[in-house]
């Protein structure tokens, strides 16, 4: 059997497994069935949506889908899912930027208040 050189963390994990410090959290079959159900429920597409889109945009989507090697409907579904779940990168960045702008605007607004109003705004 070939010996592998393990780093410190890998060696600690191997030792813990060999010493019985790790326990199986459930049977593989139970875990598989549970995660398979979650995947089915997540990936089930049980609704239709019809939209009008410009020919240029549709052709661009089809080209991007071809680059990715997926059907264009799958790409559109993925984009919509990422958008509504908040995992679309530029949307998160835009939200963070907007939050910083809002905080900045609030602090500027407080600076613009007259001294008598400013003392009341701290209450």
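Extension gain for residue 84 to residue 29 (0.36 nm times residue separation, less C-alpha to C-alpha distance): 16.6 nm.
Rounded if a/c is under 1.5, else prolate if a/b beats b/c, else oblate: with a ≥ b ≥ c from the C-alpha gyration tensor eigenvalues square-rooted, which is segment 1-53? Prolate, because a/c is 1.5 or more and a/b exceeds b/c.
Quick note: the coordinates plus some simple rules give every number you see, no bench work behind them. Since we're looking at a predicted model, the values are computed, not measured.
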